[in-house]
Amino acid sequence: MKIFYSIDEFLKNQLQIEYFIPTMGNLHDGHLSLINQVKGPSKGTCVSIYVNEAQFTNQEDFDNYPKTLNDDIEKLNSLNVDYLLIPEKYDIEKHSQSFDTSKEPKHITTELCGKFRIGHFLAVMDVVDRFFQIVKPRNAIFGEKDYQQLLVIQELIKICNYDINLVRSPIIRNNEGLALSSRNNLLSNEERSYAAEIYKSLKYAKNLYDDKVKIDDITEQINKYFDELPMKIEYFSIRDLKTLQPRYDDDLIALIAVYLGKVRLIDNIIIKSTSK
Ligand code: PAF
């Protein structure tokens, strides 16, 4: 694996990037599963590691974001990754244009997580747009755990007319059902013992839906579920799977964000699918 710290160096090599996987480092099996979406022999796969401060809505959250570069490099070396890009902020800005904020798809960026993390998705769109301008990949791989982010990137590709295929990678969970996330490392042992309740609550929501319970009543029951637990629910919402709008006549997804102490965790489950 060739590591680039400078974008000039990266561009000088005129690489053909088939698969691009942008990350903020602190790589876990969830990230590695994104890379494992690339099947077969080496195909010009590029991973980036860049902790985008602008997308953190809370300074403490940014300061606490785990940085484990040496471990990350070791993990990537053992996988089918050809290039690793570790750029600095000034270098990214020097080689790309910012996202035109007047094109923000607010119908999706200001809902759900976007309602509580003002400006978060705009900052994600900006940095991913900049990486797309620099890396020019044929395919970009994003995880379904950050489902709203996935749809925001889908919008970005449409808005900017990129000829990039968005590859979705399924959620990876630990044995207890907790979706893998870099933030799990910040949980105390006690908090960790409750974290599996998040996925349990989503499965409960799906069972209620299968039992024909009304959407409003499911939402009420899930909020009650967390009343009994030492965690704070930020939102639970059932939305249209394709658009994330509050429409219930097509496939559906339930999305949740909770606080366990200071750690914010998100998860989701498809509760109605005609295509899978
Ligand atoms: O999902 C992430 O890790 C980040 O939001 C991303 C896509 C790397 C942009 O900074």
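Worth a mention:
- Members of region 26-56 found to be farther than 19 Å from F132 by Cβ, in contact with a helix residue (DSSP H, G or I) (Cβ under 7 Å, 6 or more places away or on another chain) and buried (at least 16 other Cβ atoms within 10 Å of the Cβ), listed by number: N26, L27, H28, G30, L32, F56
- The set of residues in region 62-107 being crowded, with 17+ Cβ neighbours inside 10 Å, under 21 Å from the mean Cα position of the chain (by Cα), farther than 27 Å from Q37 by Cα and touching a residue at least 24 places away in the same chain (Cβ under 8 Å) consists of F99, P105.
Each row is one residue, and each column tells you yes or no for (1) assigned to a strand (DSSP E or B); (2) in contact (Cβ under 8 Å) with a residue 40 or more places away in the chain; (3) surrounded by 17 or more Cβ atoms within 10 Å (Cβ to Cβ).
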| site | (1), (2), (3) |
| --- | --- |
| L122 | no, no, yes |
| I141 | yes, yes, yes |
| D146 | no, yes, yes |
| V152 | no, yes, yes |
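- The helices (runs of 4 or more DSSP H) located wholly in region 1-88 that include 1 or more residues which are away from the ligand (no atom under 13 Å from the Cβ) and hydrophobic (A, V, I, L, M, F, W, C) occupy 7-12, 29-35, 69-77.
- Verdict on I270 being at negative phi, in contact with a strand residue (DSSP E or B) (Cβ under 9 Å, 6 or more places away or on another chain) and surrounded by 18 or more Cβ atoms within 10 Å (Cβ to Cβ): no
- Residue check, S182 under 21 Å from L85 (Cβ atoms), at pLDDT 95 or above and hydroxyl-bearing (S, T, Y): no
- Region 204-244: number of residues that are surrounded by 14 or more Cβ atoms within 10 Å (Cβ to Cβ), within 26 Å of the chain's Cα centre (by Cα) and in a helix (DSSP H, G or I): 10
- The requirement of being buried (at least 17 other Cβ atoms within 10 Å of the Cβ), assigned to a helix (DSSP H, G or I) and among the hydroxyl-bearing types (S, T, Y) is not satisfied by Y162.
- Matching entry among A196, A257, A205 (being closer than 30 Å to Y65 by Cβ and in contact with a Phe, Trp or Tyr (Cβ under 6 Å, 6 or more places away or on another chain)): A257
- Against the list (1) among the acidic types (D, E); (2) in contact (Cβ under 8 Å) with a residue 40 or more places away in the chain; (3) over 22 Å from K136 (Cα atoms); (4) surrounded by fewer than 19 Cβ atoms within 10 Å (Cβ to Cβ), the condition E18 fails is (3).
- Residues of region 165-203 that are outside any helix (DSSP H, G or I) and not hydrophobic (A, V, I, L, M, F, W, C): N165, R168, S169, P170, R173, N174, N175, E176, G177, S181, S188.
- Filter result for the condition that a residue is surrounded by 15 or more Cβ atoms within 10 Å (Cβ to Cβ) and in contact with a Lys or Arg (Cβ under 9 Å, 6 or more places away or on another chain), over I172, I198: I172
- Boolean, S182 is of a type in the set (G, A, S), under 23 Å from S33 (Cα atoms) and either buried (at least 16 other Cβ atoms within 10 Å of the Cβ) or more than 11 Å from the ligand (Cβ to nearest atom) (or both): yes
- Selection of region 103-120 for residues being in a helix (DSSP H, G or I), within 20 Å of N268 (Cβ to Cβ) and of a type in the set (K, R) yields only K115.
- Any hit, region 60-67, residues being of a type in the set (S, T, N, Q) and touching a Leu at 6+ places or on another chain (Cβ under 7 Å): yes
The values are calculated or read from the model by the stated rules, or taken from the named source; none is laboratory data. Keep in mind that what you see is a predicted model, and the values were worked out from it rather than measured. Please note: Cβ atoms are built from the backbone with ideal geometry, for glycine as well, and neighbour counts cover all protein chains shown.
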